[in-house]
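Visitor: Sharing a structure here in structure tokens format.
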Amino acid sequence: MITDAHRALVRKHLESLPPFPGNTLEADFLKGTMGPLSERHFVSQWLDKLYAEGVLSFENVSGQSLLSSKT
């Protein structure tokens, strides 16, 4: 399930990168012009990518798995 916190983590990362030219999925996400299904898929892919690159980590706090940014 993609939450607002997930969207915020991806948004924060994308905003830290150089601007995306033209009509890219990243630009659409930052402008808020994606449909809900496309946005969920996009955020999910970026979370997977950031986790694989070591930018995000999962932490177990009081029995709950939390996704956090290492930046």
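Visitor: For the stretch 24-59, name all the residues that are touching a residue at least 40 places away in the same chain (Cβ under 8 Å) and open to solvent by less than 40 Å² (accessible area, probe 1.4 Å).
Guide: Within the stretch 24-59, Val43, Leu47, Leu50, Val55, Leu56 qualify.
Visitor: Residue pairs, Cβ under 6 Å, 6 or more apart or interchain, first in the stretch 1-17 and closer than 13 Å to Phe42 by Cα, second open to solvent by 50 Å² or more (accessible area, probe 1.4 Å) and of a type in the set (D, E, K, R). List them.
Guide: Ile2/Arg40
Visitor: Where residues in the stretch 13-23 are assigned to a loop (DSSP other than H, G, I, E, B) and open to solvent by less than 90 Å² (accessible area, probe 1.4 Å), which of them is farthest from Ser57 (Cα to Cα)?
Guide: Residue satisfying both the conditions and the ranking: Gly22.
Visitor: Ok, one more. Take the residues of the stretch 1-12 that are in contact with a helix residue (DSSP H, G or I) (Cβ under 6 Å, 6 or more places away or on another chain) and part of a helix (DSSP H, G or I): which is least open to solvent (accessible area, probe 1.4 Å)? Show your work before the answer.
Guide: Initial filter on the stretch 1-12 (in contact with a helix residue (DSSP H, G or I) (Cβ under 6 Å, 6 or more places away or on another chain)): 2, 6-7, 10.
In the following step, the residues that additionally are part of a helix (DSSP H, G or I) were identified as 6-7, 10.
On the way: His6: 38, Arg7: 53, Val10: 0 Å².
Ranking the qualifying residues of the stretch 1-12, first place goes to Val10.
The values are calculated or read from the model by the stated rules, or taken from the named source; none is laboratory data. Because the structure is predicted, anything quoted here is derived from the model rather than measured. All Cβ positions, even for glycine, are placed from backbone atoms using ideal geometry, and neighbour counts span all protein chains on display. We work out accessible area using only protein heavy atoms, side chains counted, and drop any ligands, DNA or RNA first. Shrake-Rupley method; radii C 1.70, N 1.55, O 1.52, S 1.80 Å.
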